[in-house]
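The values are calculated or read from the model by the stated rules, or taken from the named source; none is laboratory data. On a predicted model such as this, the values are computed, not experimentally measured, just so you know. In this analysis, Cβ positions are derived from the backbone assuming ideal geometry, glycine residues included, and neighbour counts consider all displayed protein chains. Note: areas computed on protein heavy atoms with side chains; ligands, DNA, RNA excluded. Shrake-Rupley method; radii C 1.70, N 1.55, O 1.52, S 1.80 Å.
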Amino acid sequence: MSYQHIPLDRFSDTFSATTGNETVEGQIVSVSDEFFAEAFHLLLQEPALSLKGQFGPKGALYSGWETRRHNPAYDWCIIRLGTTGTITGFDVDTSHFNGNEAPQVSIDVLHGSPLEEPQVDDARWTEVLPKVDLGPNSRHLFTITESHPVNYVKLNMYPDGGIARFRVYGHVSPVVPSDESEIFDLAHVFAGGRVEFTSDQHFGIGANLIVPGRGKNMGGGWETKRSRTKGHKDWVIIKLGVPGVLEHVEVDTHHFKGNFPESCEVHGLCTENSIGWKVHEDREEDWTLILPRTKLGPHRQHYFQFENVEGKIYSHVKVTIHPDGGLQRVRIMGRKSGTKRPNVEGATRTLAPATIPQSTQATPALFPSTKTVPVLPLTPEGFAPFGKVMQGYTDPYAVPKGTMITPANGGTARKFHKLSLVESSYSAEVRASCGISVYRCQPCQDITRDGYLELKVLERHPFTNQAFIPMGPGAGEGIRDPGLEYLVVVAQNGADNRPDLGTLRAFVASAAQGIAYHTAIWHQPMTVLGKEMDFACVETQIGDGSIADCEIVEFTEKEIVRLRMATTWDP
């Protein structure tokens, strides 16, 4: 099989997805020898560090794989890739091995069961990189003719020595659900997602955004350099594994505490063309805004429902951060379209979102006009347009920016100040008063077996905000085993003085989170899941049962809204 040695300065132009390192769940299966340094180092995400001058009981320490001297044959290491894919190249890195580096390597591949452990003499091994020379303390990049789909690699080292890191590059064989109704991450590397462009990746590469897990430190994510220009922004363009109908996005700032972006936005487009983003004129009019600019917080998973996605198919998303900073992961949740995209002509039209051809037969379950809203985990940022989230934080650096934190109770407590204020705009003559009530709520019984709940009523309090704070278990008149979750469904007021269903959002809150609805925000009456719960409620009321205290709207047969409880497909 032919190969080519690639200069290091052409790395970013040559390689994209890696299927071999620990970020995509690659694993060492077996190894001939690892006397001086263990083979697991080969797959570590971070670059090899110099351990010069440090010694252990067996000799000098190295961040890499190092075998004994004087091997009469060769050493080998068998690696199970994170997923099946075709291979296009390798990075064999001998950083800090100088005088003890591996002089030569070759590489074999095979496809087998992900549960097996192929032996070194397995007849299925196929050579894809012949014996090549290596040098000390340097990275060696090789491209090969694209292989057949494989999930095991055997790295052969002649005759012995050390290698610091090993990377396998290629194209993932996509794994997607067969059921077109299943919600899954269309951007995930295992689904065939690819990061096609990043404006900057000074501290962490954009390809990290779509790999499994949440990263073990900031180095596992995408991080840009600091900007000094007003209005600066950075962005990443992701090609989805399959075109699909999008639902919501997860933006994870895990480990980014003082360097998370101030805000983000997401755009989408649909195209069948292969686009060279470095030379393509990235015109704003080609993209459809599907998540307006939204504030982010430190060190947490954020969940935001998309806009402008109903009945549309997208093949690419552009995630923009303002002004700079780091994200750990981006998950683009939706379902595969199951519809061949229409052919359109012209540059701009080709980049527009494709619409799904409408069937002449209505689906009975969705007739006459059904809106489905995903129930997403509650976060302060996601809930911000509707109210406040009240909770404690173990990590003080994960607290929303601007929150005052002080010691309390002689140092035995930590106080998070004024997470919500009490608001009231009643006129003085109605003599409204603020108080604390307790609601004992029975669990919802109307969730269908496939995880849907029909929304039937919303209410609002025109002149006051309203806070609900879960109360824990207790003896006597308390609930000994209360529920752990409750639903929070909210909407802005519309032009007709009814709930604006375009702004309807649904969240699942934990018993560790209290909420405060902004004044006049439409919301579902308290709905608890699984078991009964007690809530302390802080509100201002006249107390006469009038519409000034609580206005209620019931949905008609023409306004069918279903809440989809969180169920996603996992490959």
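Working only within the range 469-511, note down all residues that are basic (Lys, Arg) and either part of a strand (DSSP E or B) or crowded, with 20+ Cβ neighbours inside 10 Å (or both).
So the first thing to find is which residues in the range 469-511 are basic (Lys, Arg), and the list is 480, 498, 505.
Listed by number, the list holds a single entry, ARG505.
Yes/no matrix, rows are residues, columns are (1) open to solvent by 40 Å² or more (accessible area, probe 1.4 Å); (2) at pLDDT below 90; (3) closer than 30 Å to SER178 by Cα:
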{"site": "GLU262", "(1), (2), (3)": "yes, no, no"}
{"site": "GLU285", "(1), (2), (3)": "yes, yes, no"}
{"site": "PRO323", "(1), (2), (3)": "yes, no, no"}
{"site": "ARG329", "(1), (2), (3)": "no, no, yes"}
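Please verify whether the range 90-104 includes one or more residues that are within 20 Å of LEU129 (Cβ to Cβ), open to solvent by 20 Å² or more (accessible area, probe 1.4 Å) and touching a residue at least 60 places away in the same chain (Cβ under 8 Å).
To start, the set of residues in the range 90-104 that are within 20 Å of LEU129 (Cβ to Cβ) comprises 90-95, 97, 101-104.
Among the residues that remain, those that are also open to solvent by 20 Å² or more (accessible area, probe 1.4 Å) are: 95, 101, 103-104.
So of that shortlist, the ones also touching a residue at least 60 places away in the same chain (Cβ under 8 Å) come out as 95, 101.
Scanning the range 90-104, I find at least one residue that is within 20 Å of LEU129 (Cβ to Cβ), open to solvent by 20 Å² or more (accessible area, probe 1.4 Å) and touching a residue at least 60 places away in the same chain (Cβ under 8 Å), so the answer is yes.
Of all the residues that make up the range 204-224, how many are open to solvent by 30 Å² or more (accessible area, probe 1.4 Å) and either touching a residue at least 24 places away in the same chain (Cβ under 8 Å) or farther than 17 Å from ASP234 by Cα (or both)? Give the steps one after another, and end with the answer.
First pass over the range 204-224, keeping only residues open to solvent by 30 Å² or more (accessible area, probe 1.4 Å): 205, 207, 213-214, 216-219.
Filter again for either touching a residue at least 24 places away in the same chain (Cβ under 8 Å) or farther than 17 Å from ASP234 by Cα (or both), leaving 207, 213-214, 216-219.
Counting residues in the range 204-224 that are open to solvent by 30 Å² or more (accessible area, probe 1.4 Å) and either touching a residue at least 24 places away in the same chain (Cβ under 8 Å) or farther than 17 Å from ASP234 by Cα (or both) gives 7.
Which one is nearest to ALA432 (Cα to Cα), of the residues in the range 512-559 that are assigned to a strand (DSSP E or B) and of a type in the set (D, E, K, R)?
From the range 512-559, those assigned to a strand (DSSP E or B) are 514-517, 522-523, 527-529, 533-541, 551-554; that's our starting set.
Okay, now just the ones that are also of a type in the set (D, E, K, R), so 534, 539, 551, 554.
Details: ASP534: 24, GLU539: 10, GLU551: 16, GLU554: 26 Å.
Within the range 512-559, the match that is nearest to ALA432 (Cα to Cα) is GLU539.
For the range 138-153, enumerate the residues that are open to solvent by 50 Å² or more (accessible area, probe 1.4 Å) and either under 12 Å from VAL109 (Cβ atoms) or touching a Ser or Thr at 6+ places or on another chain (Cβ under 6 Å) (or both). Before you say what the answer is, go through the steps one by one.
Quick first cut of the range 138-153, residues open to solvent by 50 Å² or more (accessible area, probe 1.4 Å) only: 139, 145-146, 148-149.
Answer for the range 138-153, where residues must be open to solvent by 50 Å² or more (accessible area, probe 1.4 Å) and either under 12 Å from VAL109 (Cβ atoms) or touching a Ser or Thr at 6+ places or on another chain (Cβ under 6 Å) (or both): THR145, GLU146, HIS148, PRO149.
Among the residues of the range 304-320, is any in a loop (DSSP other than H, G, I, E, B), more than 22 Å from GLY502 (Cβ to Cβ), in contact (Cβ under 8 Å) with a residue 60 or more places away in the chain and not basic (Lys, Arg)? Quick ask: steps written out before the conclusion?
Restricting attention to the range 304-320, the residues satisfying the condition of being in a loop (DSSP other than H, G, I, E, B) are 306-311.
Subset that is more than 22 Å from GLY502 (Cβ to Cβ): none.
Within the range 304-320, none of the residues are in a loop (DSSP other than H, G, I, E, B), more than 22 Å from GLY502 (Cβ to Cβ), in contact (Cβ under 8 Å) with a residue 60 or more places away in the chain and not basic (Lys, Arg).
Identify, please: which residue in the range 51-72 is open to solvent by 60 Å² or more (accessible area, probe 1.4 Å) and of a type in the set (D, E, K, R) and is, among those, farthest from ALA39 (Cα to Cα)?
The residue in question is LYS52.
Report the residue count in the range 120-129 for those that are loosely packed, with under 13 Cβ neighbours inside 10 Å and either among the hydroxyl-bearing types (Ser, Thr, Tyr) or touching a residue at least 24 places away in the same chain (Cβ under 8 Å) (or both).
Adding up the residues that qualify gives 0.
Looking at PRO385, is it closer than 20 Å to PHE256 by Cβ, open to solvent by 40 Å² or more (accessible area, probe 1.4 Å) and not aromatic (Phe, Trp, Tyr)?
Values: closer than 20 Å to PHE256 by Cβ: no; open to solvent by 40 Å² or more (accessible area, probe 1.4 Å): yes; not aromatic (Phe, Trp, Tyr): yes.
Taking the combined requirement at face value, the residue does not satisfy it.
Can you tell me which of (1) within 30 Å of LEU49 (Cα to Cα); (2) in a strand (DSSP E or B) is the one GLU127 doesn't meet?
If we test GLU127 against (1) within 30 Å of LEU49 (Cα to Cα); (2) in a strand (DSSP E or B), just (1) comes out false.
Has the range 435-449 got any residue that is modelled with pLDDT under 95, in a loop (DSSP other than H, G, I, E, B), of a type in the set (Ser, Thr, Tyr) and open to solvent by 50 Å² or more (accessible area, probe 1.4 Å)?
Yes, the conditions are met somewhere in the range 435-449.
So GLN466 passes all but one of these: (1) open to solvent by less than 30 Å² (accessible area, probe 1.4 Å); (2) out of contact with any Ser or Thr (no Cβ under 9 Å at 6 or more places or on another chain). Which condition number does it fail?
(2)
Please go through the range 154-203 and pick out each residue that is aliphatic (A, V, I, L, M), more than 23 Å from GLY85 (Cβ to Cβ) and either open to solvent by 30 Å² or more (accessible area, probe 1.4 Å) or in a loop (DSSP other than H, G, I, E, B) (or both). Give the derivation first.
First, the residues of the range 154-203 that are aliphatic (A, V, I, L, M): 155, 157, 163-164, 168, 172, 175-176, 183, 186-187, 189, 191, 195.
If we keep only those that are more than 23 Å from GLY85 (Cβ to Cβ) as well, we get 157, 164, 183.
Within the range 154-203, ALA164, ILE183 meet the criteria.
Assess whether LEU419 counts as being surrounded by 15 or more Cβ atoms within 10 Å (Cβ to Cβ), closer than 24 Å to PHE535 by Cα and in contact with a His (Cβ under 9 Å, 6 or more places away or on another chain).
On the way: surrounded by 15 or more Cβ atoms within 10 Å (Cβ to Cβ): yes; closer than 24 Å to PHE535 by Cα: yes; in contact with a His (Cβ under 9 Å, 6 or more places away or on another chain): no.
Spelling it out, it is not the case that LEU419 is surrounded by 15 or more Cβ atoms within 10 Å (Cβ to Cβ), closer than 24 Å to PHE535 by Cα and in contact with a His (Cβ under 9 Å, 6 or more places away or on another chain).
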